[in-house]
1. Specify the residue that is modelled with the lowest pLDDT; the eligible residues are those in segment 82-99 that are basic (K, R) and in a helix (DSSP H, G or I).
2. Do we have any residue at all in segment 107-130 that's surrounded by fewer than 19 Cβ atoms within 10 Å (Cβ to Cβ), modelled with pLDDT under 80 and touching a Leu at 6+ places or on another chain (Cβ under 6 Å)?
3. Hey, any hits in segment 173-188 for a residue that's at pLDDT below 90, among the small types (G, A, S), surrounded by 15 or more Cβ atoms within 10 Å (Cβ to Cβ) and in a helix (DSSP H, G or I)?
4. Can you report the number of residues in segment 133-147 which are farther than 21 Å from R55 by Cβ and modelled with pLDDT under 65?
5. Suppose we filter F170, F150 for residues that are at pLDDT 80 or above, of a type in the set (F, W, Y), part of a helix (DSSP H, G or I) and in contact with a Lys or Arg (Cβ under 7 Å, 6 or more places away or on another chain); which single one remains?
6. In segment 49-56, is there at least one residue being at pLDDT below 85 and of a type in the set (V, I, T)?
Amino acid sequence: MRPHGVAIPTRTYRVVTRTGLAVNGVLHVLLGVIALSIPLTVLVTPDAERVGALRAVAANPGGAVLFWVIAIGYVILGVWMLTTVILERHGGLSVRDRAVKIGRGVAYVLLGLSSGSIAAAGRSNPQEDTSTLTGSIMQLPVGPVVLAIFALLILAVATYFAIKGWRRDFLHDIRLPAKSSGRRPTLIAGRVAYFGKAIALGILGVLTLVAAFLPAGPAGLGGQLAALALSPAGPLLLALVGLGLIAHGFYTAARARLATL
């Protein structure tokens, strides 16, 4: 959608928006790589359930770099999205679109800050401190309720992606290739991307919901991920999460060129 009354040049807006889509695609791929690396990392990490799967990945030099890149990237994306909402005049966006953009912007910033905290925690001694954000939340009297609400929000977003993929609503966001030979592959890629992310978020939502109702150690959700990775079906489920995020990442990066702006 072309911005109405935006306080920056339209060309600049388009360039930055397409760049944002490309960066978001790359960040999805990196998140997918992290999910794929969890089973092996947990397997070689002593007492992984107490340390936490994500912190175990961040304890490795390559893992720490991934989390820092994701942290910086999502904070920048979140600030950009919130800025565009502020710059647009009130008539430029519907109330629904404005709320969605604000929600996504806040979610990106929180994801970036969370990734940064994981990267920083990976450098500390896990024998001295294993506390995490979710673990700290669970220690609060209303912690399980907060985590359960967060899990339901994740599941709601997963449902949204599944419905969008099934109804092919993503076609409203892109320009289909002029040649008929490119239309079907684009349609298939879009459905795979949206179904893949729906599956990934669905699994993460269920894990978060389970973490809200089961006793959790200081590692919180990271401990639950480690326990999942060590279970018989864990590597397969985490592979689905990783591949789903990677598929959506490649599609989002490609959308940077095909997006309707």
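The values are calculated or read from the model by the stated rules, or taken from the named source; none is laboratory data. Predicted model only: the values in this text are computed from it and were never measured. When we count neighbours, we look across all protein chains shown, and the Cβ atoms used for this are built from the backbone with ideal geometry, even at glycine.
1. Out of the qualifying residues, it is R96.
2. no
3. No, segment 173-188 has no match at all.
4. Within segment 133-147, residues that are farther than 21 Å from R55 by Cβ and modelled with pLDDT under 65 number 1.
5. Values: F150 fails: in contact with a Lys or Arg (Cβ under 7 Å, 6 or more places away or on another chain).
Only one candidate passes the filter, namely F170.
6. yes
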